[in-house]
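Have a look at the structure below before the remarks.
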């Protein structure tokens, strides 16, 4: 799927190595200072780097799993990755003084199992912070979302609201937030005396969009962020509708996940807070058109706090 916004790498004006902390004056620093962007102090940067697990410091890299899910991750024909993940993870790496890499996997179960087996350090979703997941993973909530349904403009059936999906086939990513939200929409349909929705479970967002485009499904269910990206970049082809609270929708807390035993969670939460404090988080979110789903601060293990 084409990403109309293009890709921008967000740069900070300082670098950190495991052996030496140095402040480097780069072109563009003055402009950042004029905009009121604060940079982490040397002691702050050193403390965050020193708090990383020894294995990460030794490797000098944080490895993230990620499936194809624009605008989080768009995978080019050459395997290159662009999107929110690339921008935020690079910024996190600069705050922490390590490189970051994104390894593309097929689906959410592959990402979760890969983290638990030690192949990846983290996964940035979109995945919901839940009490069940927090038994194995630390979650750092950094955005919210509602479930939306992308509908081809050339589709056979007019769908003007989520209620019009009663009795229709909807493609969703297996084991995703959207799959559980669609089940709630289906329950709403039957409560209204209508036919339930029918779910088609697929591996990634691109597959759900292709199913809707080909007529195999009437709509593709996805996060609000993904729906915004699709309809902005392909406004001639798609519209989207959003599930309401009356239809069982909830505001989902989307999180970065890391295995609990890695002890990375508290460090990454503090690094994410630095991106909020220095304005990098806002710039990335606004760049991708996601200002409406920003959070005031990243929260560690929000499901446990709500319980």
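The values are calculated or read from the model by the stated rules, or taken from the named source; none is laboratory data. Predicted, not measured: the structure shown is a model, and the values here were computed from it. For neighbour counting, all protein chains shown are included, and Cβ atoms are generated from backbone atoms with ideal geometry for every residue, glycine included.
Here are some notes:
- Qualifying residues in segment 187-206 (those that are in a helix (DSSP H, G or I) and either within 26 Å of the chain's Cα centre (by Cα) or not assigned by TED's automatic domain parsing to the domain that holds residue 219 (or both)) - the one surrounded by the most Cβ atoms within 10 Å (Cβ to Cβ): 205
- Residue in segment 60-71 that is nearest to the chain's Cα centre (by Cα), counting only those that are modelled with pLDDT of 90 or more and either within 14 Å of residue 227 (Cα to Cα) or surrounded by 15 or more Cβ atoms within 10 Å (Cβ to Cβ) (or both): 66
- Among the conditions (1) in contact (Cβ under 8 Å) with a residue 24 or more places away in the chain; (2) surrounded by fewer than 24 Cβ atoms within 10 Å (Cβ to Cβ); (3) part of a loop (DSSP other than H, G, I, E, B), residue 120 misses just one, which is (2).
- So residue 78, is it outside any strand (DSSP E or B), at pLDDT below 95 and surrounded by 21 or more Cβ atoms within 10 Å (Cβ to Cβ): no
- Scanning segment 166-212 for residues that are touching a residue at least 60 places away in the same chain (Cβ under 8 Å), under 22 Å from residue 234 (Cα atoms) and in contact with a helix residue (DSSP H, G or I) (Cβ under 8 Å, 6 or more places away or on another chain) gives 173, 205, 209.
- Meets criteria (under 21 Å from residue 252 (Cα atoms), in the same structural domain as residue 285 (by TED's automatic domain parsing) and in contact with a strand residue (DSSP E or B) (Cβ under 6 Å, 6 or more places away or on another chain)) for residue 83: yes
- The residues of segment 229-243 that are touching a helix residue (DSSP H, G or I) at 6+ places or on another chain (Cβ under 8 Å), surrounded by fewer than 18 Cβ atoms within 10 Å (Cβ to Cβ) and in a loop (DSSP other than H, G, I, E, B) amount to a single one, 237.
- Single residue of 131, 91 found to be in contact (Cβ under 8 Å) with a residue 24 or more places away in the chain, assigned to a loop (DSSP other than H, G, I, E, B) and either touching a helix residue (DSSP H, G or I) at 6+ places or on another chain (Cβ under 8 Å) or buried (at least 23 other Cβ atoms within 10 Å of the Cβ) (or both): 131
- Hey, residue 305 surrounded by fewer than 20 Cβ atoms within 10 Å (Cβ to Cβ), out of contact with any helix residue (DSSP H, G or I) (no Cβ under 9 Å at 6 or more places or on another chain) and either farther than 17 Å from residue 92 by Cα or without any contact (Cβ under 8 Å) to a residue 12 or more places away in the chain (or both) or not: yes
- Residues considered: 88, 92, 108. Of these, the only one that is at pLDDT 90 or above and closer than 22 Å to residue 227 by Cα is 88.
- Within segment 92-132, the set of residues being within 15 Å of the chain's Cα centre (by Cα) and under 15 Å from residue 281 (Cα atoms) comprises 92, 124.
- The combined condition, being under 11 Å from residue 145 (Cα atoms) and either free of Cβ contacts under 8 Å to residues at least 60 places away in the same chain or touching a strand residue (DSSP E or B) at 6+ places or on another chain (Cβ under 9 Å) (or both), is not fulfilled by residue 231.
- Taking the numbered list (1) surrounded by fewer than 21 Cβ atoms within 10 Å (Cβ to Cβ); (2) in a loop (DSSP other than H, G, I, E, B); (3) at pLDDT 95 or above in turn, residue 270 passes all entries but (2).
- Looking at 217, 212, 226, just one residue is crowded, with 18+ Cβ neighbours inside 10 Å and part of a loop (DSSP other than H, G, I, E, B), and that residue is 217.
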